[in-house]
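Asker: The following block contains the structure, expressed as structure tokens.
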Amino acid sequence: KPINPKYKYTLILDLDETMICFKCSPEQNNVGNIHIRPGLEIFLEIIKEFYEIIIFTVGTRDYANVILDLIEKKNNTKYFDGRLYREHATYIGNKYIKDLSKIGRDLSKTLIVDNNPHSFKFQYENGILISSYFGEKNDDKALIELQKILIKIYKEKGDVRESISKYKEEIIQKVS
């Protein structure tokens, strides 16, 4: 769908091990537990004022929608302007790649945040690699640090690829 005129920039966010961690428990008949990355709700609340937020997961539609709906219902807020799933990814060599050129957004104004650099290998310069979240670290600050960097990138009003390159060391130290 077309970008909302409110936004000039698009943020593509991964779901698993970026925003949440989903773990099945054999002790509980394989019932799953969702671990939300610390700071997620605050991150989404602030960033939605600057960016169109699109989720792009290689998870299945049904799985992802349950989790994304829970996140939005918990705070009674619509955070996500779009949702893309496994069927929207390109499957090459036993791996799913999120091809940003298929999203219909200006790549100079589109960023992707993912814990797997292979996921955005077609547009690596648009990507911010975030550390993986496995549900154990309650003191994880990656989203808080990412939020600060994303706001700086937004305020520059330039090509996000140049800004990502400019803040590469800070991203590596604080987010990756």
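The values are calculated or read from the model by the stated rules, or taken from the named source; none is laboratory data. As the structure is a prediction and not an experimental result, all values here were calculated from the model. Quick reminder, even Gly has a Cβ in these numbers, built from the backbone with ideal geometry, and neighbours come from all protein chains shown. Protein only, heavy atoms only, side chains kept; ligands, DNA and RNA dropped before computing areas. Shrake-Rupley method; radii C 1.70, N 1.55, O 1.52, S 1.80 Å.
Asker: Ignoring ligands, DNA and RNA, what percent of the 1.4 Å accessible area of the chain is carbon and sulfur?
Answerer: Working: 4630 of 9050 Å².
Solvent-exposed carbon and sulfur of the chain make up 51 percent of the total.
Asker: Let me ask something else. Hey, what angle do you get for helix 61-74 against the long axis of the chain, alpha-carbon based, 0 to 90 degrees rounded to 10?
Answerer: For helix 61-74, the angle is close to 80 degrees.
Asker: Continuing with this model, one more query. Rounded to a whole number, what is D in µm²/s for the chain from Stokes-Einstein with the Kirkwood radius over alpha-carbon pairs (25 °C, 0.890 mPa s)?
Answerer: Numbers: Rh = 16.5 Å.
Answer, rounded: 149 µm²/s.
Asker: Related question: Please find the FRET efficiency linking K157 to N33, where r is the Cβ-Cβ separation and R0 is fixed at 41 Å, and quote it to the nearest 0.05. Walk me through the intermediate numbers first.
Answerer: Working: r = 41 Å, r/R0 = 1.00.
Efficiency computed from Cβ-Cβ geometry: 0.50.
Asker: Taking the highest mean first, how do the peptides 135-144, 69-78, 97-106 order by number of other beta carbon atoms within 10 angstrom per residue?
Answerer: Values: 135-144: 14.2, 69-78: 11.8, 97-106: 16.9.
Descending mean neighbour count gives 97-106, 135-144, 69-78.
Asker: Related question: Which whole-Hz couplings ³J(HN,Hα) result when phi for each residue of the stretch 8-22 is put into the Karplus expression 6.51 cos²θ - 1.76 cosθ + 1.60, θ = phi - 60°, listed in order with x for Gly and Pro?
Answerer: For the stretch 8-22, the Karplus curve yields 10, 10, 10, 10, 9, 10, 6, 9, 5, 6, 10, 9, 9, 10, 10 Hz.
Asker: To continue, here is another question. Using 0.36 nm per residue, how much length does the chain from Y63 to K78 gain when fully extended, once their Cα-Cα distance is taken away? Walk me through the intermediate numbers first.
Answerer: On the way: separation 15, 0.36 × 15 = 5.40 nm, distance 1.82 nm.
The span from Y63 to K78 would gain 3.6 nm if fully extended.
Asker: What's the angle, to the nearest 10 degrees (0 to 90), between helix 142-156's Cα axis and the longest principal axis of the chain?
Answerer: 20
Asker: Averaged per residue, what accessible area in Å² does the stretch 59-138 show with a 1.4 Å probe, protein chains only? Don't jump to the answer; show the numbers that get you there.
Answerer: Details: 4210 Å² over 80 residues.
Averaged over the residues of the stretch 59-138, the accessible area is 53 Å².
Asker: Next up: Work out Dmax and Rg for the stretch 45-139 from the C-alpha atoms and quote the Rg first, both in angstrom.
Answerer: So, for the stretch 45-139, Rg and Dmax equal 13.9, 40 Å respectively.
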